[in-house]
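Step one of this worksheet: look at the structure below.
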Amino acid sequence: MDEEVKLLGAWASSFSYRVVWALKLKGIKYDYEEEDLVNKSEALLRNNPIHKKIPVLVHAGKPVAESMVILEYIEEVWPQTPLLPQDPHQRALARFWIKFGEDKSAEFFKLFQTVGEEQERATEEARELLKILEARALEGRKFFNGHKIGLTDIAFGWIACWLDVLEEAVGVKLLDADSLPKLQAWIENFREDPVIKENLPNRDKLLAYYNYRREMFIEAATSRID
Amino acid sequence: MDEVKLLGTWPSPYSYRVIWALKLKGIPYEYIEQDLSNKSPLLLQSNPVHKKIPVLIHGENPIAESVIILQYIEEKWPQNPLLPSDPYEKAVARFWVKFADENCPSIGKVFRFSGEEQEKGLKECLEMLETIEEHAPGLGEKKFFGGDKIGMVDLAFGPLAHWMGVIEGVTGVKIMEAGKFPRLETWIKNFKEDPVIKENLPEFQDTLAFMKRRRESLLASK
């Protein structure tokens, strides 16, 4: 259990940060290795041959890939500061919302990578996801998990910290604080958590990176139209 | 013990994933066939977000999404475990359950479409089959993904064992060429021969006829 823990991650990735948050919340020591996603290391390719993606957790030499699979593994191996409820039905609900987020978040990638009608459709879908979370997932709780941060909150952490940067880079408003007050309150609570606060990417750096990527996508999309 | 109800539809593979888990663990349940063209108040109430089957209702508690239902069943009824007890092996299993859940729907693309879109779907299927054949742990050495006994990964890949063949029959498109994926072929054979699975598969010809009609009406409506 105390054997070496290594995280292969990328500074701009919200998926990477999910694992950082879980490790930090549980006080687990680990080595972090920044991966260059344009020039993937031999270690990354060896540890995640199927998807070749970060994050990958390597524990005692054994790799675990896929951020939510990693989180379930961490929860099991290091039970302190539990991130899932004990009750099986509550756990099923937590996993339901995590899956909902995973399935629908593709729309956010889409709206970032496209223009015109395709982007408009993705934007509508993205707004739907946020509305559903507002209407059904928080139920008057401080966090999705209850009064303390849990896996569901970590899974949706990108909404608290990457979404507004995405909005700015693309020039579209997705989260209207007035019509989504519960989600807005959750964002503020999440960002104020002492562990989360200490472990966020630099916003200016992230915005610059997103702006650069957005320009690339626009160029690719518009050159296809021509 | 609280009553267990399963809201499903014949011949949905997602429905069957849950049936297999319940049967493998010997859990008594009431099956309630749903009409998806006229959704019941019980279904809408139990799965308001997606309005889809399967839904497991245990006592007062509804659980939606087949792989989440499988995990719930595993936690609530630990007999005849479907996941390994070792945390690392469990993580590997979870990885493959996720892979199966995300990629099996590609066979549906071959079914629902024709022309270019169907070709795209076929390409996705082949990539999936290649990945499984090359990387899935235990395949070829053990009888099942789960080892000597059926586990959650096997159930997750269930659509490939039976429904992929039906779709090939309906569309005339060969997704899994004989001899190209020997380890996967062996797994399919082992899976379908398991006594519990064998007893709980929708009859091939009936499924074929049903899916043929579905495909005709899908293509006609385009």
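Please treat every number below as a calculation from the coordinates, not as lab data. The shown structure was predicted, so the numbers you read here are calculated from the model rather than taken from an experiment. Please note: Cβ atoms are built from the backbone with ideal geometry, for glycine as well, and neighbour counts cover all protein chains shown.
Of B:Ala64, B:Ala100, B:Ala93, all but one fail to be hydrophobic (A, V, I, L, M, F, W, C) and touching a Leu at 6+ places or on another chain (Cβ under 6 Å); the exception is B:Ala93.
So for segment A:67-88 (the condition being at positive phi, charged (D, E, K, R) and part of a loop (DSSP other than H, G, I, E, B)), does at least one residue qualify? Checking segment A:67-88: not a single residue is at positive phi, charged (D, E, K, R) and part of a loop (DSSP other than H, G, I, E, B).
Evaluate segment B:71-79: report whether one residue or more is under 30 Å from B:Val173 (Cβ atoms) and in contact (Cβ under 8 Å) with a residue 24 or more places away in the chain. So far as segment B:71-79 goes, no, none of its residues is under 30 Å from B:Val173 (Cβ atoms) and in contact (Cβ under 8 Å) with a residue 24 or more places away in the chain.
Could you tell me whether any residue of segment B:26-43 is closer than 21 Å to A:Pro88 by Cα, within 14 Å of another protein chain (Cβ to nearest Cβ) and of a type outside the set (Phe, Trp, Tyr)? Yes, that holds for at least one residue.
For segment A:38-80, the set of residues classified as within 24 Å of A:Gly157 (Cα to Cα), under 21 Å from the mean Cα position of the chain (by Cα), within 7 Å of chain B (Cβ to nearest Cβ) and of a type outside the set (D, E, K, R) consists of A:Val64, A:Ala65, A:Val69, A:Tyr73, listed by residue number.
The criterion of at least 3 residues that are among the aliphatic types (A, V, I, L, M) and surrounded by 13 or more Cβ atoms within 10 Å (Cβ to Cβ) is met, among helices (runs of 4 or more DSSP H) falling completely within segment A:107-226, by A:116-132, A:151-155, A:163-170, A:181-192, A:203-225. Taking segment B:63-112 as the region of interest, the helices (runs of 4 or more DSSP H) fully inside it that hold 2 or more residues being more than 7 Å from every other protein chain (Cβ to nearest Cβ) and out of contact with any helix residue (DSSP H, G or I) (no Cβ under 7 Å at 6 or more places or on another chain) are B:87-103.
For segment A:81-98, residues that are within 8 Å of chain B (Cβ to nearest Cβ) and of a type in the set (D, E, K, R) total 2.
For (1) away from chain B (no Cβ under 14 Å); (2) over 15 Å from A:Ser14 (Cβ atoms); (3) under 18 Å from the mean Cα position of the chain (by Cα), each residue gets a yes or a no:
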position	(1), (2), (3)
A:Arg136	no, yes, no
A:His147	yes, yes, no
A:Gly150	yes, yes, yes
A:Ala160	yes, no, yes
A:Gly171	yes, yes, no
A:Phe190	yes, no, yes
A:Arg214	yes, yes, no
A:Phe217	yes, yes, no
A:Ala220	yes, yes, no
